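Have a look at the structure below, then the notes.
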Amino acid sequence: MRTLWRDRRGGVSVLTGITALVIVGSAAMGIDIGILTLSQRRLQGIADEAALAAAASTPDRRAEAIGRLLTANGLGDVSTTITPGRYQADPAIPPANRFTPGTDAGALRVTLRRPVPLFFGRVLTGRNTSPVAASATARRIDMAAFSMGTRLVNISGGLPGALLNGLAGSDLSLSLVDYQALVSSQIDLLRMSQALGTRIGLTGASFDTILATDVALPTLLNAMADATGNPGTATLLRNLSLRVPGSKVPLSRLIDLGPLGTMTKATSRNVIAMDAYSMLRESLTAANGQRQVALDLGASVPGLLSTKVLLTIGQRPVTAPWLSVAQDGSTIVRTAQQRLLVDTQIGVPLLANIQLPIFVETAAAQAQLSGIGCTAGAQSVTLNVLPSPGTIAIAQVDRSRFNDMSQSPIAGEVPLLQVPLARVQGYAKVELASDSAWQRVSFSQSDIANLTSRTVTANSAVRGIASSLIGQVNLRLEVLGLGLGLSGLTGTVGAALTPVAPALDLLIGNLTDLLGLHVGQADVTVNGVRCGNAMLVA
């Protein structure tokens, strides 16, 4: 060992071997890592393009769009992972945490991986390639406006005017021609909001700011007139503004413009339309502090001596608007709970008149955005809808509890016919199941353009309310307080009820049409859709 230590031969070979290792390592650092860095930067650019292409495509065509892009760039050895999710543009959230994988909510992350050949690095690592990866996150802000409780129908008679008069608390002198003009005319809600801001001195303010200001009914009707393209309807709305009370309308409780609320100017790209009648009805309902309407239709219903209607509309939940603009399912629109009491008199020859009360109650139906389809030249919207359960009855109704939506006003049997020493009691009740399932409803581009309303029916919905109740009403004869079963007067009452059932069904159907909600049914309309451009967000 002492001899070897003193021997200086072969030192250059050792130094050359050590230096060669350093040279190879330096080459690997300089060349291979440079190649890997350049490859990763190129892959990142392609990942950005791939994320934009995928976000601009429908879910079933995202992989195809990315495949075409990779082929065009000569990258056949790239593996792709597409992760849908939700992106929250919240400054309080760190950028790396703003994308949450999960349900497709308009955002996605694309990750690309490919092997890059090594030159000098294979000497050190023993591998011929090293993987590089790049990811990009993109989102597309698609928006849809949808409303609940809209039923556009043709109704004869003076019922539309009577209902609006009751909601307004004054005589609006609305003819059937006026009603048809309101139904057939559209209001652009963004233009209405902009006109409203001008009228209340908030020019240049955001739509959310304008809608958060409670405005007087006359001012709102004039803004509606400014936002309709029908001159005749505009004149009608301006005339109505002179007849309605100066009650305040909490518009923010009715309309949620969502992502469009920060806008200050209406554009042709963001048209959100609503028929003038529905807008007027909802505004009058919101401004009606009592939320109760009493109508006396007299003898206008065929077969009935008199008809009186009592209507109560419950408060809409604070967080549930009537119309909403949304880009995901986070916003739910709900109808308000409604109660209707139709109190009629039926004439019976040689006997006293029959008093027939029919009670109709609907709960709050719900709807939320399920998806937006944006393809070349076509748009579609899908909603999830939960029809409202309800109750119908021929029964004694406690009017002191009629406005209290937390308890039922049904109080048992009701006297249908009273004559000296005898009376006929009646009772029938149908309770709809409250566990109806959400149903998916699709709207095509033509449905959206034409503001087509779709009716979603629960499995337990009742058709022909009066006919259903009269067909199963339990009649009981009382003479001097003793129950004697079905005979005599009960048969007379039953025979008198059956012929008027169709007329009552028509009346109740017209009333619920005007209110936009039937028992066990929900009416939904897509009022506009906008397919946004894809953009990188992370």
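The values are calculated or read from the model by the stated rules, or taken from the named source; none is laboratory data. All figures in this text were calculated on a predicted structure; none of them were measured in a lab. Neighbour counts are summed over all protein chains in view; Cβ atoms, including those assigned to glycine, are modelled from backbone coordinates with ideal geometry. These area figures cover heavy atoms from the full protein model, side chains too; ligands, DNA and RNA do not enter into them. Shrake-Rupley method; radii C 1.70, N 1.55, O 1.52, S 1.80 Å.
Summary value for region 334-479: 23 percent relative contact order, contacts being C-alpha pairs under 8 angstrom separated by 6+ residues. Percent of Cα pairs in region 368-433 per distance bin of 10 Å, from zero to the largest separation: 16, 26, 19, 14, 12, 8, 3, 1. In terms of overall dimensions, the chain has a Cα radius of gyration and Dmax of 34.8, 144 angstrom.
What would the Debye equation give as log₁₀ I(q)/I(0) for region 93-239 at q = 0.09, 0.20 Å⁻¹, counting only Cα atoms as equal point scatterers? Debye intensities relative to I(0), on a log10 scale: -0.55, -1.25. Figure note: Phe119, Phe99 ranked by solvent-accessible area, largest first, 1.4 Å probe, ligands and nucleic acids not counted: Phe119, Phe99.
Every Cα-Cα pair in region 289-335 was counted, and those over 13 Å apart are 69% of them. The coefficient of translational diffusion for region 225-264, derived via Stokes-Einstein from the alpha carbon Kirkwood radius under 37 °C and 0.692 mPa s, stands at 263 µm²/s. Over region 163-250, with a single point scatterer placed on each C-alpha, what log10 of the ratio I(q)/I(0) does the Debye formula yield at q = 0.20, 0.22 1/Å? Each listed q maps to, in turn, -0.94, -1.10. Plugging the Kirkwood radius over Cα pairs into Stokes-Einstein for region 393-479, at a temperature of 10 °C and a viscosity of 1.306 mPa s, what D comes out in µm²/s? Rounded, D is 96 µm²/s.
Rounded to 0.05, the FRET efficiency of the Thr16 and Gln44 pair, given R0 = 41 Å and the Cβ-Cβ distance, is 0.55. Counted by Cβ distance under 14 Å from Ala65, the other residues give a net charge of 0, where Lys and Arg count +1 and Asp and Glu count -1. For region 330-464, the Kirkwood hydrodynamic radius from C-alpha pairs, put into Stokes-Einstein at 25 °C and a viscosity of 0.890 mPa s, yields a diffusion coefficient of 136 µm² per second. Of Thr235, Thr457, the order by accessible heavy-atom surface (1.4 Å probe, DNA, RNA and ligands excluded), from most exposed downward, is Thr235, Thr457.
For region 182-281, the dipole from Cβ point charges (+1 on Lys and Arg, -1 on Asp and Glu) about the Cα centre works out to 160 debye, to the nearest 20. One decimal place: the segment Ala72-Thr455 gains 133.1 nm when fully extended, by the rule 0.36 nm per residue minus the C-alpha distance.
For Ala63 and Thr235, the difference between the fully extended length at 0.36 nm per residue and the C-alpha to C-alpha distance is 56.5 nm. Under a model in which nothing but the beta-carbon of Lys, Arg (+1) and Asp, Glu (-1) is charged, region 342-428 shows a dipole of about 60 debye around its Cα centre. Site pair Ala96 and Phe402 shows an inter-label distance of 6.5 nm when each label is modelled 7 Å from Cα along Cα→Cβ. Note down the relative contact order for region 258-314 as a percent, whole number, built from C-alpha pairs under 8 angstrom at least six residues apart. Relative contact order here is 24 percent. Here's the picture: a label point sits 7 Å out from the Cα of Thr103 along the beta-carbon direction, and within region 494-538 nothing has its amide nitrogen under 13 Å of it. In plain terms, the chain from Ala437 to Ser467 could stretch by 8.2 nm, reckoned as 0.36 nm per residue minus the Cα-Cα distance. When only the Cβ of Lys, Arg, Asp and Glu is charged (+1, +1, -1, -1), the dipole of region 429-538 relative to its Cα centre reaches about 160 debye. With a Förster radius of 45 Å applied to the beta-carbon distance between Gln445 and Thr129, the computed FRET efficiency rounds to 0.40. Remark: spin-label model distance Leu305-Asp343 equals 1.5 nm, labels positioned 7 Å along the Cα→Cβ axis. Ligands, DNA and RNA are left out, and with a 1.4 angstrom probe the accessible area of the chain is 45 Å² per residue. Rg/Rh for region 234-354 (Cα atoms only, Rh after Kirkwood) is 1.12.
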